[in-house]
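Structure, as structure tokens:
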Amino acid sequence: MEKLFKTLQDRLIKELRLNNISTIDEANRFLEEEFLPKFNAKFMVEPRTRANLHKELAGREKSKLDSIFSRQYERVVRNDFTINHKKKCYQLEKNQPATICKRDIVTVEERMDQTIYFRLRGKYLNYKLLPEKPKKLNQSKNNQQWVIAATAQYKPPADHPWRQTARAEYLRRLVEVAK
């Protein structure tokens, strides 16, 4: 039937207009008595076998239907283990069924009943909705905590071993100039 949707939606509307049909009752009668018999006579094909090849869903498959029929998005776990989705911030809890790392890509399932689930590597994560988005710390205060106070640079004395070669070279030049 899915293959017919576009065909029926496109052709049926034109047929209804050509036959001046404007009410639902007239349209239903026209569809059942005139349009479908002609359409089926033209396009219907007999199946190869009469056997019903549809299979019953297993219990495991039935339990996953909510996940299958959900809207799914990908989000990145931030450095503070929060996830943003639709202008809301969710905090991942410490106890999780899977190991979570910063920058992991999490699948967000927005189910038909408007519930939200986060999935990572096939496991559903524990989370809580934060009342507001976490504030950034003031960068200037953070930087000041780690700044090392400037001190006077160490200047080695004139008789330091590092300076001995330079001093000897200096004295040698003085002697050459004097000669």
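Every number in this text was worked out from the coordinates using simple rules, so none of it is lab data. Computed from a predicted model, the values in this text were never measured in an experiment. As a convention, Cβ positions derive from the backbone with ideal geometry for all residues, glycine included, and neighbour counts pool all protein chains shown.
5 Å is the cut-off here: which amide hydrogens, built 1.01 Å from N in the peptide plane, fall below it relative to Cys89, excluding neighbours closer than 5 in sequence?
Amide H neighbours of Cys89, under 5 Å, 5+ apart: Leu130.
Given H placed 1.01 Å from N in the peptide plane, which residues other than close sequence neighbours of Tyr127 have an amide H under 5 Å from its amide H?
Amide H neighbours of Tyr127, under 5 Å, 5+ apart: Glu93.
Please list 3J(HN,Hα) in residue order for the stretch 79-91, calculated via the Karplus relation 6.51 cos²θ - 1.76 cosθ + 1.60 where θ = phi - 60°; whole Hz, with x for glycine and proline.
These are the phi-based 3J(HN,Hα) values: 5, 9, 6, 10, 10, 9, 8, 6, 6, 10, 10, 10, 9 Hz.
Determine ³J(HN,Hα), in whole Hz, for all residues of the stretch 55-69 in sequence, where each value follows from phi through the Karplus function 6.51 cos²θ - 1.76 cosθ + 1.60 and θ = phi - 60°; x replaces Gly and Pro.
10, 6, 6, 6, x, 5, 5, 5, 6, 8, 4, 4, 6, 5, 8
Based on other C-beta atoms within 10 Å, arrange Lys88, Lys42 from fewest to most.
Lys42, Lys88
Treating the beta-carbon of each Lys and Arg as +1 and of each Asp and Glu as -1, no other charges, what is the dipole magnitude of the chain about its Cα centre, to the nearest 20 debye?
The dipole magnitude comes to about 1280 debye.
As a quick test, which of the pairs Lys86/Lys136; Lys64/Lys94; Lys64/Lys86; Lys14/Lys62 have an alpha carbon distance above 29 angstrom in this structure?
Table pairs above 29 Å Cα-Cα are Lys14/Lys62.
Could you derive backbone 3J(HN,Hα) for the stretch 99-114 from the dihedral phi with the Karplus parameters 6.51, -1.76 and 1.60 (θ = phi - 60°), listing whole Hz in sequence and x where the residue is Gly or Pro?
The phi angles translate into 6, 10, 10, 4, 6, 5, 9, 10, 8, 9, 9, 9, 7, 5, 8, 6 Hz.
If I compute Rg and Dmax of the Cα atoms in Å from the structure I just sent, which labelled value in (i) 21.1, 67; (ii) 38.9, 128; (iii) 17.9, 56 lines up?
Label (ii) holds the value from this structure.
Just to be sure I understand: with springs between alpha-carbon atoms less than 10 Å apart, which residue in Val77, Val106, Val45 has the highest mean-square fluctuation in the Gaussian network model of the chain?
Fluctuation is largest for Val45.
Name the residues whose placed amide hydrogens come within less than 5 Å of the amide hydrogen of Asp104, ignoring near sequence neighbours (fewer than 5 apart) on the same chain.
Here Val77 satisfy the definition.
Using helices alone, I'd like the mean residue ellipticity at 222 nm for the chain: each DSSP H run of four-plus residues gives -39500 (n - 2.57), total over residue count, nearest 500.
-10500 deg cm²/dmol
Chymotrypsin sites (Phe, Trp or Tyr not before Pro) within the stretch 1-95: which are DSSP loop residues with at most 16 other Cβ atoms inside 10 Å?
Phe69
Take the Cα atoms of the stretch 70-129, build their convex hull, and give its volume per residue in Å³.
79 Å³
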